Protein chains: 2
Amino acid sequence: MVRQLVRIAVDIMGGDYAPDEIVNGAVLAAQRGSVEIILVGPLSIICTQLSKHQVAQLPISCIGADEFVSEDESPVLALRRKSEATVNVAAKLVKTGEADAMVSMGSTGAVITSALQLLGTLEGIERPIIGGPILGFAPNTVIVDVGANVDCKPHQLLNFALIGCVFARKFLNISDPSVAMLSVGVEPAKGNNLVRKAYQLFLHSGLNFIGNIEGRDIPLGRANVVVCDGFVGNVLVKFCEGLGTTMATWLKASLAPYMPPEEINLVTTNLLSLANWADVFGGGPLLGVDGVVVIGHGSSHALEVAGAINQAKLAVETDFVNALKSELAKFPKISIPLVYSK
Amino acid sequence: MVRQLVRIAVDIMGGDYAPDEIVNGAVLAAQRGSVEIILVGPLSIICTQLSKHQVAQLPISCIGADEFVSEDESPVLALRRKSEATVNVAAKLVKTGEADAMVSMGSTGAVITSALQLLGTLEGIERPIIGGPILGFAPNTVIVDVGANVDCKPHQLLNFALIGCVFARKFLNISDPSVAMLSVGVEPAKGNNLVRKAYQLFLHSGLNFIGNIEGRDIPLGRANVVVCDGFVGNVLVKFCEGLGTTMATWLKASLAPYMPPEEINLVTTNLLSLANWADVFGGGPLLGVDGVVVIGHGSSHALEVAGAINQAKLAVETDFVNALKSELAKFPKISIPLVYSK
């Protein structure tokens, strides 16, 4: 039986190192095998970039799209003007079935807007989110949301919890994930308005809600699903990244008198991946959208781009979207319409 | 010349390990010298606690206060019912000049409410804040606010920046501190509603505003004053604490094959204090209030309590409040009344 290649549309214009590193990463992914790459971007740029590689034998094709959304534009306004922007063209390929998945390094807002408008969300999901484990020290702790929704309503946090639970069940094999809200104290009276209001919803949600936790509880893995708004989650995940790098540099200097360089490197490399756990995967699927859409980090170089493409391939191969759909249907206790009406 | 002892009112009922560890810490501080301790709490408890120590020669006195605010109470409502709660009695001692400073391990909300109602804020300051350097890796980066104000308005963030600048000038000797807002991207269009609205105020503030930074920029020390709402700041500072502990445990195991235990201990002890920089000082003054009020961590044991008392002593000795007052008066460019009217 000939194994079907997973077809992945790659937005070459998103990310801090676009288009060079995106195309490099896409070529790398194609070389690694089992994916067919559809590069989406201005054809002249694609040609220039591809001319740097030996691509004659690789399953790479191109779709022209001359417009793109930059990091400093309002995604909604920009996409209203640029309906044929790279993210939209890639999303349409997924919608029509010409691609099995799309991958973009951002902007996050543009990818989300595009996915929302062209693919829509799964039943029961109001807004897609980004999440997953962020620390290798707590590999069974999923943080939701880490950047897709920076201003949230209480019922949205409950929605995040629901998706986080499905993520934990499906990808971390945790049968009854514990859920906590991130706050400034464990007491129900502590927290900002958002968290205090959401607390009551969580209490009656039917989820395995263990109450509020504080920042210090995350690295200790005190809950399987930690719910916060995307602003807080995004600050945290990036803070981890920076702190890991800083600590690794410090550790190198601190250990120099005691250990040979190659052993120090082993320790600091481990530390870096434990602190940048999200980076280990190169990117994560946009959770709750009706199609496989992987958003990589804006700062991705070729290796991380290839990693994000691999995440998209895995999501297609594991039939991630349908798994999420059927898991969502198993939550009869949560009265979503009621919650939504608030 | 006989050196005057700094008189510090200590709330013995605040904190996770009250009253035992608070009294132990206060006795320790008195033993260390140059402070006079005024214990505030139920006299029967104070007597029981003091009977465990040799205190006959120490400058320790007591003021009875039978009520106190627990962590799970609403501070405002609780203090309305319990006007003679420990925090209020301690704040009144500062107000009347019977004490030079007060120290409490919390609840944070109760201490702030009490300080606001009884001591008031300095001119130009709407709400007091908590802040300071949180990472030894970035000792010249002050984070404001780290927990006093969990729901903020845009103009409040500007207020935090102002206080943070004074802190950086006065305590870190940075003559023209750079100011950044913590966000999910460096672009002005990125961020939640609060940050996006505040951006315009910051632009025209006359402060050395360098724009938005992301979580990853904090450990790198990219700004001297990092402004965020107290919810985000509190999550961050506690996350640091937890991550430091987790990393130290991991590091101990990772280094065991290479280094003798005592050298490993040296490295992990350093790591712990670098990650828990705020703990090194035992607590920080409530910034912007008209009197020296130090809030320690709720999880403080005797050593940290003694540290917090030492912070209060330093704040009194350096005439912290008046320094802040006069520094605040030097910011003529910031149109506070205009900003406040928004």
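Each reported figure results from applying straightforward, stated rules to the coordinates on display, with no laboratory input. It should be emphasised that the depicted structure is a prediction, and the values quoted were computed from it without experimental measurement. All Cβ positions, even for glycine, are placed from backbone atoms using ideal geometry, and neighbour counts span all protein chains on display.
Projecting 7 Å from Cα along the Cα-to-Cβ direction, the label point of B:GLU327 sits 4.9 nm from its equivalents in the other copies, listed shortest first.
For the peptide A:245-254, the mean number of other protein chain Cβ atoms found within 10 angstrom of a residue's Cβ is 5. At q = 0.08, 0.10 Å⁻¹ the log10 of I(q)/I(0) for segment A:129-280 amounts to -0.25, -0.38, computed by Debye summation with a single uniform scatterer per C-alpha, solvent ignored.
Rounded, prolate or oblate for chain B? Axes are the square roots of the Cα gyration tensor eigenvalues, ordered a ≥ b ≥ c, and the cut-off for rounded is a/c under 1.5. Oblate. The separation of segment A:121-166 from segment A:1-58, counted between C-alpha centres, amounts to 30 Å.
In chain A, the beta carbon lying closest to the axis that superposes A onto B belongs to the residue given here with its whole-angstrom distance, A:VAL232, 3.
Measuring against 19 Å, Cα to Cα, the residue pairs A:LYS238/B:LYS238; A:LYS190/B:LYS238; A:LYS95/A:LYS170 contain A:LYS95/A:LYS170 as the ones spanning a longer distance. For chain A, the relative contact order is 22 percent, taking Cα pairs closer than 8 Å that sit 6 or more residues apart in sequence and dividing their mean separation by the residue count. Here the relative contact order of segment B:129-281, from alpha carbon pairs under 8 Å that lie six or more residues apart, stands at 33 percent. Highest mobility in the GNM of chain A, judged by mean-square fluctuation with C-alpha springs under 10 Å and restricted to A:PRO75, A:PRO261, A:PRO128, is found for A:PRO261. Among the helices of chain B, those built from whole DSSP H runs whose Cα atoms reach 27 Å or more along their own axis and whose mean Kyte-Doolittle hydropathy is at least 0.0 are B:230-255. With no solvent and one point per C-alpha, what does the Debye sum give as log10 I(q)/I(0) for the protein assembly as shown at q = 0.08, 0.11 Å⁻¹? For the protein assembly as shown, the Cα-only Debye profile gives -0.65, -1.14. Out of all DSSP beta bridges with both ends in segment B:129-281, state the antiparallel percent to the nearest 5. If I count the DSSP bridges inside segment B:129-281, around 25 percent turn out antiparallel.
Evaluated at q = 0.18, 0.23, 0.28 Å⁻¹, the base-10 log of the normalised Debye intensity for segment A:238-288, with identical point scatterers placed on the Cα atoms, takes the values -0.59, -0.81, -1.01. For B:ARG80, the distances from its label point to the matching points in the remaining copies are 4.5 nm, ordered from shortest, with each point set 7 Å beyond Cα toward Cβ.
Among B:ARG222, B:ARG81, the order by Cβ neighbours within 10 angstrom, fewest to most, reads B:ARG81, B:ARG222. Comparing A:THR249, A:THR268, A:THR121 in a Gaussian network model of chain A where C-alpha atoms under 10 Å apart are linked, the largest mean-square fluctuation is found at A:THR249.
Between copies, the label points of A:ASN173, set 7 Å from Cα on the Cα→Cβ line, lie 5.8 nm apart, reported in increasing order to one decimal in nanometres.
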